[in-house]
Amino acid sequence: MKLKKVLLDILGYISFSAPYPDVDTNDISNNLKVLKRTQWFQALMKDEKHRELIVHNKDVRYEIGYLNTERLKRNAHKDRYKNKIQKILEKEKKKFSEGTIK
């Protein structure tokens with residue numbers, strides 16, 4: 001029972017610490033530069049709705065900035081990055097169409 005309490009205390013402490021690093025405009029800019037060199041991202045930017053979200057939506061921009069820049073430079077063509085960005089774009093597009101965007 002005491003072990004359970006200790007583990008729960010540790011888990012509680014960990015969950016209240018900041019698990020994600022801050023994303024700044026430099027992170028976003030650097031990652032956008034890398035992404036703009038890929039064909040799949042260029043195709044996304046040609047779509048007006050996607051372009052608008054990439055340029056102005058804070059959640060989409062945060063997600064782009066949160067990507068590891070060094071890994072992105074080596075593997076920007078990977079489907080993992082494409083899927084992650086498309087997922088957040090679709091989520092935000094859905095919010096916009098439902099009128100839940102503030």
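Please treat every number below as a calculation from the coordinates, not as lab data. Everything quoted here is computed from the prediction, not taken from an experiment. Reconstructed Cβ throughout: ideal geometry from the backbone, glycine too, with neighbour counts over all protein chains shown.
Some notes on this structure:
- When residues of the stretch 39-49 are limited to those that are surrounded by 13 or more Cβ atoms within 10 Å (Cβ to Cβ) and free of Cβ contacts under 8 Å to residues at least 40 places away in the same chain, the one farthest from Ile85 (Cα to Cα): Asp47
- Within the stretch 69-97, the set of residues being in contact (Cβ under 8 Å) with a residue 24 or more places away in the chain, of a type outside the set (Lys, Arg), assigned to a helix (DSSP H, G or I) and within 11 Å of Leu35 (Cα to Cα) comprises Thr69, Leu72, Tyr81, Ile85.
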